[in-house]
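Here's the structure we're looking at; comments come further down.
The values are calculated or read from the model by the stated rules, or taken from the named source; none is laboratory data. Fair warning: this is a prediction, and the values are worked out from it, not measured in the lab. We place every Cβ from the backbone using ideal geometry, glycine too, and count neighbours over all the protein chains shown.
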Amino acid sequence: MLAASGLTRRFGDRTVLDGVDLEVHPGRMTGFVGANGAGKTTTMRILLGVLAPSAGEVSWDGRPVTAADRRSFGYMPEERGLYPKQRVAEQLVHFGRLHAMSRATAERTVADLLERLDLAAHADDKLESLSLGNQQRAQIAAALVHGPTALVLDEPFSGLDPLAVDAMAALLRDEVARGVPVLFSSHQLDLVERLCDDVVVLAHGRRVAAGTVEELRSGGPARVRLEVAAAGTGAADLGWVRDVPGVEVADVDGGAALFSVVEPGADQRVLAEALRRGPVRSFTPVVPPLSEVFREVVR
């Protein structure tokens with residue numbers, strides 16, 4: 001497990017990380033989300049040893065992380081780091097060789113990665129001649145070429161088309177399947193929700209939420225959508241829901257209402273009153289998307 005405890009980082013009198021705790025478990029994909037400037041990139045740089053923390057520590061498998069541990073990690077930085085004038089396959093093989101791979105093994109691994117990322121036709125092209133999306137694919141190949149023990153990826157899906165997203169997601173799932181802890185940051189919360197097992201949310205340098213996707217989505221008050229019969233039955237105006245103790249109404253639109261249950265049993269009081277007034281078409285729990293949870297916790 002890759003973990004951080006109490007990470008703090010100051011630049012002069014400005015604190016950009018303030019006591020951040022983080023766990024990335026083996027065989028699980030963890031989404032790292034937050035607004036611009038929340039401290040995600042700084043955290044990732046500390047995990048990889050690019051920056052030193054002002055306080056706190058990073059651990060690997062329950063002990064302080066070493067330089068040798070970090071050399072086995074795969075890292076995709078925010079500022080892409082490949083050589084623009086060098087040919088794609090040539091430099092990926094070079095990176096494999098730097099990790100003590102034999103040339104034959106590096107060449108086979110690179111050929112496989114380029115095939116899976118739909119870059120095989122560009123293997124002998126200079127990086128600078130590729131589209132930005134294809135340069136992004138080459139960058140993820142560089143992070144994967146040596147069979148990393150952990151993956152830390154800063155905005156790996158930025159600028160990718162849907163097909164490239166699917167290809168990259170499949171590669172990351174393969175890494176997870178072999179037990180690799182994977183941490184990636186993204187502003188695409190729908191993608192985080194779809195791919196990740198766990199999520200960590202930063203705001204203003206502090207961790208404000210963490211847990212599985214399901215835990216975060218269900219962590220607030222229960223929400224219910226009520227729909228009653230159409231107008232003409234005398235039951236279509238649900239404005240009365242606002243007067244039921246223990247609920248907070250988010251929206252009422254004629255015969256439909258969305259409300260939160262802030263007192264146990266309040267939802268049943270609403271249902272009983274709705275049935276007393278007329279036919280009920282639906283009474284359905286509503287689980288908010290991760291994007292809505294994010295907006296709530298970073299306020």
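Overview of results
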read-out	value
Strands (runs of 3 or more DSSP E) within the stretch 194-299 that include 2 or more residues within 30 Å of residue 44 (Cβ to Cβ)	198-203, 206-212
Members of the stretch 1-22 found to be free of Cβ contacts under 8 Å to residues at least 24 places away in the same chain and assigned to a strand (DSSP E or B), listed by number	11, 14
Test: residue 38 is without any contact (Cβ under 8 Å) to a residue 60 or more places away in the chain and crowded, with 18+ Cβ neighbours inside 10 Å	no
Some residue of the stretch 100-118 being farther than 23 Å from residue 48 by Cβ, outside any helix (DSSP H, G or I) and assigned by TED's automatic domain parsing to the domain that holds residue 35	yes
Within the stretch 1-35, tally of residues that are surrounded by fewer than 18 Cβ atoms within 10 Å (Cβ to Cβ), hydroxyl-bearing (Ser, Thr, Tyr) and either under 28 Å from residue 194 (Cα atoms) or touching a helix residue (DSSP H, G or I) at 6+ places or on another chain (Cβ under 8 Å) (or both)	1
Answer from 95, 157 - the residue that is at negative phi, outside any helix (DSSP H, G or I) and hydrophobic (A, V, I, L, M, F, W, C)	157
Matching residues in the stretch 1-46 - criterion: being among the aromatic types (Phe, Trp, Tyr) and within 13 Å of residue 184 (Cβ to Cβ)	32
